[in-house]
Amino acid sequence: MAENERAGKLVVISGFSGVGKGTVVGRLLNDYDHYTLSVSMTTRKPREGEAHGVNYYFVTNEEFEEMIRNGGLLEYAGYADHYYGTPRSFVEENMAKGKDVILEIEVQGAMQIKKAFPDAVLIFITTPSAAVMAKRLIGRKTETEEQIDNRFKRAVEEAEHLAKYEYIVINDDLEDCVREVNRIVETGEGGVRFDPDFKERFLRELLEIIEGRAQEARNRVSGT
Ligand code: 5GP
């Protein structure tokens, strides 16, 4: 730790699919020089425009399982039929250099991190409502209908874990959201506390959206 006086922090950023996490993380990296991003390993296929080593390390199931066996992952989880995990060495090296290392990971992985690194800062980013989330997820047109359905179902599970995050940030305005996340990392203050009413409302809306999509699919099949 020659250049810096302190070891860097681990910053876990989770959030439902479609809340704009990627954009927020991109802005944190761009606007502040104390962050670096951990590039995860995954067995899912690259989306249009994604590059190996930049967005993810895209690997086979065998390669991923080999990393698990070798202890090369800090955490890993199964999500929508694929593995996702955080390579250990990059994170350890950069924290030692004083960088705040961002992990953009889902809930199961976040809980593994919290257990292994009690000082990690866990932030959950959400949209103001499930309808806004659905609009963004469908609007980005990167997933098939089936994948979108899977992500909505997964969001229902993720909402159940909201209370485990110390910090919840509502991504209504991008600039405010980026500043708020940085304030949390730097000062330990910011975000909103878990609100059971918010969760209930979000879940209700999400379930209505899922049911609406299922009904549409049934109508398509029956030709009505
Ligand atoms: P996507 O397929 O949209 O890129 O990512 C799907 C989910 O996997 C997102 O919630 C993302 O945050 C999460 N994810 C990405 N990398 C990792 C990782 O290394 N570990 C875990 N546990 N989740 C990850």
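Readers should treat all values here as calculations from the given coordinates under stated rules, not as data from a laboratory. Here the structure is a predicted model, which means the values were calculated and not measured. All Cβ positions, even for glycine, are placed from backbone atoms using ideal geometry, and neighbour counts span all protein chains on display.
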### Task
Please tell me the relative contact order of the chain in percent, rounded to the nearest whole number, where contacts are Cα pairs under 8 Å and at least six residues apart.
26
### Message
Could you tell me which residue out of Ile113, Phe58, Thr43 lies farthest along the dipole of the range 1-152 toward its positive end? Charges go on the beta carbon: Lys and Arg +1, Asp and Glu -1, centred on the Cα centre.
### Response
Ile113
### Summary
Taking Cα atoms only, helix 21-31 is inclined relative to the longest principal axis of the chain by an angle, in degrees rounded to 10, of 30
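To the nearest 0.05, how large is the calculated FRET efficiency for Lys141 and Arg183 if R₀ is 30 Å and r is the Cβ-Cβ distance? Each step should come with its number before you reach the end.
Values: r = 33 Å, r/R0 = 1.10.
Efficiency computed from Cβ-Cβ geometry: 0.35.
Given the convex hull of the Cα atoms of the range 91-224, what is a quarter of its surface area in nm²?
The Cα convex hull of the range 91-224, projected and averaged over all directions, gives 9.7 nm².
Quick one: dipole size for the chain, taken about the Cα centre, charges +1 on Lys/Arg Cβ and -1 on Asp/Glu Cβ, in debye to the nearest 20. Please report the intermediate quantities before stating the final value.
Numbers: 30 positive and 40 negative charges, 70 e Å.
Dipole magnitude for the chain comes out near 340 debye.
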### Task
Starting from the Cα of Glu48, step 7 Å along the direction of its Cβ; do the same at His82; then give the gap between the two resulting points in nm.
1.6
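If each DSSP helix of 4+ residues adds -39,500 (n - 2.57) and the sum is divided by the residues in the chain, what number results at 222 nm, nearest 500 deg cm²/dmol?
Numbers: 8 runs with 105 residues, N = 224.
It lands at -15000 deg cm²/dmol.
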### Query
Taking the chain, how much of its Cα-Cα pair set, in percent, is spaced more than 25 angstrom apart?
42
### Query
Which of the lysines could a cross-linker span from Lys115 if the Cα-Cα distance has to be under 16 Å and same-chain partners fewer than 8 positions apart are dropped?
Lys9, Lys164
### Query
What's log10 of I(q)/I(0) for the range 1-116 at q = 0.18, 0.21 Å⁻¹, Debye sum over Cα points only, no solvent?
-0.98, -1.31
